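Data block below; observations after.
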Amino acid sequence: MSLDEAHMTSTNQKRMIDIDGVGKMYNPETANPVQALNNINIDIYENEFISIIGPSGCGKTTLLKCIGDIIKPTSGEINIGGGTAAEARQSSQLSFFFQEDVLLPWRSVMENVLLPLEIQDEDTSNPEIRKQAKDIIDTVGLSGFEDSSPQQLSGGMRQRVALARGFVYDPQIFLMDEPFAALDELTRRKMNRELLRIHQEIQKTTIFVTHHIAEAVWLSDRVIVLSPSPGEVYDIVEIDLPRPRTEDTRGDQEFVEYEESLTETVMQLDVQ
Amino acid sequence: MATETSNKASTQNLGSKAGEIISEYKYPAVFLVVFVGIWTFGVRIYSIPTYVLPTPLDILQSFQGELSNLWRHTRVTLLEAFLGWILGNMIGISLGAVMAEFQALKRSIYPYMVILRSLPVIAFAPLLIIWMGINQGPIIAAATITTFFPSLVNSIAGFSSTDRLTKELMHSLNASRWEVFRKVKLYNALPYIFSALRISVALTFVGAVVGEWLAGNEGLGYLILVANNQLATLLLFRALLVIGIFSTAWFGLLVVVESYLIDWDNQSGGGATR
């Protein structure tokens, strides 16, 4: 049993995010309101890696955007590190990663990575700040591309820039909405490996939305299964695989069992 | 690796640049020669008098000794057209930015803008003269008005063109409204703004020439009016040619400036066009 795992299973770990009875209704004033989320209750602990899976339309992205204070829930409360989601966002504790890289094409790689610091009124001409950005660019494997423009980069490289931009201001919580969904299979696997490596290195609470079940099992401490219309927590599965995980983990009997049982669950939900 | 490939591509570009230019201008050049030929030939064959239709050569020759006089009038019109263009675009672009940012304002005044826009400028001219007198004021105002509307429409479209995901990103980074505007919306609007600047070059000349017809005592529009009264067809053609040259050069200059300023916009041609 690794140190990491021992930490996860200890009972006095610090609660980071408390999702309490959260619901979200779209178009509430109209003739056909849509209940996207209903009574979601989840506790997420510090440094935990959580994946949210479920059939399409189950409100995975909606839930993540509620946590990130990008949309407001219509009921319930989200508590992050003792404050509201809005306070967490405003104090730069959160970092949201989108389905697309959302790079600003008129900015170089470096300038894109500096964007969050610029908004936080850091002096981005300061060599120390630039060093900080440079280090992150190195971490995501883009050394030498600081002055390239996004159009010169491949999809995988662009997504790495987006990761660097999300990491650079040292947030406490990563909220990732299928950040690699638009990439091809091979690149996606590579990026997942990167993500696992980075997570093992810097240990941040991460909520990862995906429709890729093997990916969720491989990366997570817990996998949350949402059922569709309205989105509700159907199951929470603890992934009891040792860390650090490697490519070999994918071949473990236990890994395969987790993957198969979760696939079964999601398929069953999709039929309903 | 990416930089290496792009370097290679640019050297290749330099090598084939001349060939590219030739192949690009080959067709219009041939067309020009054929067109001028038919024109000249037709005038000669049917013995069309010069005051009805001079030959291209007649027109070119008539510039001799007229240049300084022509330049005096050209200067006047250029200034009017330029001021109208600057004013119309400044007002159009900034009002467009404000209207895109404040939807309530846009909804309140846009319908009236549409109605105003459907009125021909020439209908405003007498009013402008009553308000400002017979001088360059109403001429510049006419050029401003013709420039203003396409500029406004493009500006609204441009400042509204930022996609939802980028707005969500900026929100998640806790950017203020002003920061979103300055760091994102302004850049997204630039191709639309340049589109407006280009379109309005031709329009500002329309405004200036029409303005001069009604309130001018100098300028190329005024010259066209005089030429018309005197059946001085050569003079008329000279004035037209000068307007054509300057508005094309102006347009071309904008294309060059835009290509230097906006080097990221390779996917869209940039902007609404009306």
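The values are calculated or read from the model by the stated rules, or taken from the named source; none is laboratory data. Computed from a predicted model, the values in this text were never measured in an experiment. Counting neighbours? That spans all protein chains shown, and the Cβs are built from the backbone with ideal geometry, glycine included. Calculation scope for accessible area: heavy atoms of the full protein, side chains included, ligands and nucleic acids excluded. Shrake-Rupley method; radii C 1.70, N 1.55, O 1.52, S 1.80 Å.
Descriptive notes on the structure:
- Entries in A:LYS14/A:LYS72; A:LYS65/A:LYS204; A:LYS190/B:LYS167 that, when Cα-Cα distance is taken, lie over 22 Å: A:LYS14/A:LYS72; A:LYS190/B:LYS167
- Rounded D (µm²/s) - the range A:181-272, Kirkwood Rh over Cα pairs, Stokes-Einstein at 20 °C, 1.002 mPa s: 152 µm²/s
- Each eigenvalue of the Cα gyration tensor of chain B, multiplied by 5 and square-rooted, gives one semi-axis; in descending order these are 40, 30, 14 Å.
- Using a Gaussian network model of chain A in which every pair of alpha carbons under 10 angstrom is joined by a spring, one finds that among A:GLU46, A:GLU77, A:GLU29 the greatest mean-square fluctuation is at A:GLU29.
- Between B:PHE31 and A:SER75, the modelled labels are 6.7 nm apart [label points 7 Å from Cα along Cα→Cβ].
- Peptide-level mean, for A:64-70, of C-beta atoms on other protein chains within 10 Å: 2
- Computed across the range B:126-205, the Kirkwood radius stands at 14.7 Å (inverse of mean 1/r, all Cα pairs).
- Highest-fluctuation residue, B:ALA18, B:ALA196, B:ALA239 considered, GNM on chain B with Cα pairs under 10 Å: B:ALA18
- Accessible solvent surface per residue of the protein assembly as shown, calculated while the other protein chains remain in place, 1.4 angstrom probe, Å²: 50 Å²
- Among the GluC sites (Glu not before Pro) in the range A:116-222, none is located in a DSSP loop while being surrounded by at most 13 other Cβ atoms within 10 Å of its own Cβ.
- All-pairs Cα distance distribution in the range B:35-111, expressed in whole percent, bin size 5 Å: 3, 12, 12, 10, 9, 10, 9, 8, 7, 8, 8, 5, 1
- Computed over chain B: relative contact order in percent, which uses C-alpha pairs under 8 Å that are six or more apart: 25 percent
- In summary, the helical segments of chain B meeting the span-like criteria, namely a full DSSP H run, a Cα extent along the axis of 27 angstrom or more and a mean Kyte-Doolittle hydropathy of at least 1.0, are B:136-159, B:186-215, B:233-261.
- Computed 3J(HN,Hα) for the range B:52-62, one whole-Hz value per residue from the Karplus formula 6.51 cos²θ - 1.76 cosθ + 1.60 where θ = phi - 60°, is 8, 8, x, 7, x, 5, 3, 4, 4, 5, 5, glycine and proline marked x.
- Percent antiparallel among DSSP beta bridges (both partners in the protein assembly as shown, rounded to 5): 55 percent
- Averaging Cα coordinates gives a centre for the range B:36-106 and one for the range A:78-111; these two points are 52 Å apart.
- Rg over Rh for the range A:35-156 works out to 1.02, both radii taken from alpha-carbon positions and Rh defined as the Kirkwood radius.
- For the range B:79-234, radius of gyration divided by Kirkwood radius, i.e. Rg to Rh on alpha-carbons: 1.12
- Kirkwood Rh in Å, taken over the protein assembly as shown so that all alpha-carbon pairs contribute: 28.4 Å
- Compared with the dominant Cα axis of chain A, that is its longest principal axis, helix A:253-271 is turned about 70°.
- Axis angle, to the nearest 10 degrees, between helix A:127-139 and the longest C-alpha principal axis of chain A: 50 degrees.
- Largest mean-square fluctuation among A:GLY59, A:GLY83, A:GLY231, in a Gaussian network model of chain A whose springs join Cα atoms under 10 Å apart, belongs to A:GLY83.
- Residues whose amide H lies under 5 Å from that of A:ASN47, counting only those 5 or more places away or on a different chain, are A:THR205; hydrogens are built 1.01 Å from N in the peptide plane.
- Within the accessible area of chain B (1.4 Å probe), percent carbon and sulfur: 68 percent
- Debye intensity ratio in log₁₀ form over the Cα atoms of the range B:162-255, taken at each q of 0.13, 0.25 Å⁻¹: -0.61, -1.15
- Gyration tensor over alpha-carbon atoms, chain A, equivalent ellipsoid semi-axes in Å: 29, 23, 19
- Pairs of Cα atoms farther than 18 Å apart, the range A:29-96, %: 42 percent
- Helical mean residue ellipticity (222 nm; -39500 (n - 2.57) per DSSP H run of 4+; nearest 500) of the protein assembly as shown: -19500 deg cm²/dmol
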